[in-house]
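The block underneath contains the structure these notes are about, expressed in structure tokens.
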Amino acid sequence: MPPRPSPAAPLRQAVIGQVRRLVGGTGDDTVERNRADVGLFGPESACWKVHGDFTSMMVGGTAALFLQMLHPGALAGVWDHSNFRRDMLGRLQRTARFIAATTYGDRAEAQGLIERVKAIHGHVRGSLPDGTPYAADDPELLTYVHVAEVSSFLAAYLRYVDPGFPAAEQDRYYGEVAEIARRLGAPDVPRNRAEVAAYLEAVRPKLRSDVRSQAVASALLAQPAPSPAAAPAMKLTFDAAKDLLPAWAAEMHGFRLSGARRATARAGIRALGQGMRWALTNSAEARARRRAAELAAEAGSAGEAAAAG
């Protein structure tokens, strides 16, 4: 007699369907089965942990967008080379897929996507309103975009997943993800918490909040949810992202959450995260870990065969 389906199965599938609408992808193991190795970092890495929680990554990724648009060069790239009023969620989706592939993909998969992004960056260039030239592949601009992104991911992980994540592991995380930035063309990014903090303090005088940054932020906040069911979670994510920003960045944007709204966002995201971790049993991290175990078993069998021969 076949096993009876769990009463919770329809709910789990509904949640999975909402997530796929948001980030795309099929959620099956087709890609993983073809992976030849465990990628740039491997299952024991800090970044496999930090990048593995869907909810905190969405909060961190949204906060990163708010932080990135304060840099005139990063903002100009979005303003001049994207349909940001209609596709800000598309940008978040593409970032999510890039992070998943470079974290959990094998080396060929990760490098292939990095090369694709580098090719796109080669065409993203122009001039700021004051005439200053900018280019997406400029190492200085790449460094800012990278630091804004990974510092937001780690901040969200610490707040919503593991507040006790050891300091040494946090530094290890920054050191690991620096490899992605290096391959993209930024060789000298900060590699630990102290360097990240010093970098953000040093770059602050270059950041701006103006009519264009306000327009891009408003466009992000006005993006429709992928479905009515996802709208409450999306509102929580936006509030949690505003709350996650460094105080000076939130002030530049004019984000002022009341204490009650801040508490609601934090409690809501914690509850949402628990639900997502229950539902997403076949996440990108879970699939990658299964493939890593298979590769280890295959290597062990090959080693035994060689020893026996």
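The values are calculated or read from the model by the stated rules, or taken from the named source; none is laboratory data. Predicted model, so just to flag it, every value in this text is computed and none were measured. A quick note on method: Cβ atoms are made from the backbone with ideal geometry, for glycine too, and the neighbour counts reach across all protein chains shown. These area figures cover heavy atoms from the full protein model, side chains too; ligands, DNA and RNA do not enter into them. Shrake-Rupley method; radii C 1.70, N 1.55, O 1.52, S 1.80 Å.
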Total charge of the residues flanking GLU169 in space, meaning their Cβ is under 15 Å from its Cβ, with Lys and Arg +1 and Asp and Glu -1, is -1
Checked the range 178-285 with the C-alpha gyration tensor, a ≥ b ≥ c its square-rooted eigenvalues, rounded below a/c of 1.5, otherwise prolate if a/b is larger than b/c and oblate if not; verdict oblate
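Highest first, please rank the peptides 172-181, 150-159 by the mean number of other Cβ atoms sitting within 10 Å of their residues.
Working: 172-181: 21.2, 150-159: 22.7.
Packing proxy ranking, top to bottom: 150-159, 172-181.
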Output ordering of 127-140, 65-78 (per-residue mean of other Cβ within 10 Å, highest first) is 65-78, 127-140
Restricting to aspartates and glutamates and to Cα separations under 13 Å from LYS206, and discarding same-chain partners fewer than 8 apart, the set is GLU140
Packing-ranked peptide list from 210-216, 286-292, 46-52, highest mean Cβ count within 10 angstrom first, is 46-52, 286-292, 210-216
For ASP239 the rounded accessible area (nearest 10 Å², probe 1.4 Å, non-protein molecules ignored) is 10 Å²
Phi angles of the range 154-161, converted by Karplus (6.51 cos²θ - 1.76 cosθ + 1.60, θ = phi - 60°) into ³J(HN,Hα) in whole Hz with x for Gly and Pro, give 5, 4, 5, 4, 5, 6, 10, 10
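Using a 1.4 Å probe on the protein heavy atoms, what percent of the accessible area of the chain belongs to carbon and sulfur? Present the calculation step by step, with values, prior to reporting the outcome.
Values: 8670 of 15130 Å².
For the chain, the apolar C and S fraction of the accessible surface comes to 57 percent.
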Amide H neighbours of TYR134 at under 5 Å, excluding residues fewer than 5 places away on the same chain, with H built from the backbone geometry, are GLY126, SER127, LEU128
With the 1.4 Å probe rolled over protein heavy atoms, the chain has an accessible area per residue in Å² of 49 Å²
So the angle from the long Cα axis of helix 167-184 to the longest Cα principal axis of the chain, reported in degrees to the nearest 10, equals 80 degrees
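With runs of 4+ DSSP H residues as the only contributors, calculate the mean residue ellipticity of the chain at 222 nm using -39,500 (n - 2.57) per run, divided by the residue total and rounded to the nearest 500. Mind showing how you got there, number by number?
Details: 15 runs with 214 residues, N = 309.
When only DSSP H runs of four or more count, the value is -22500 deg cm²/dmol.
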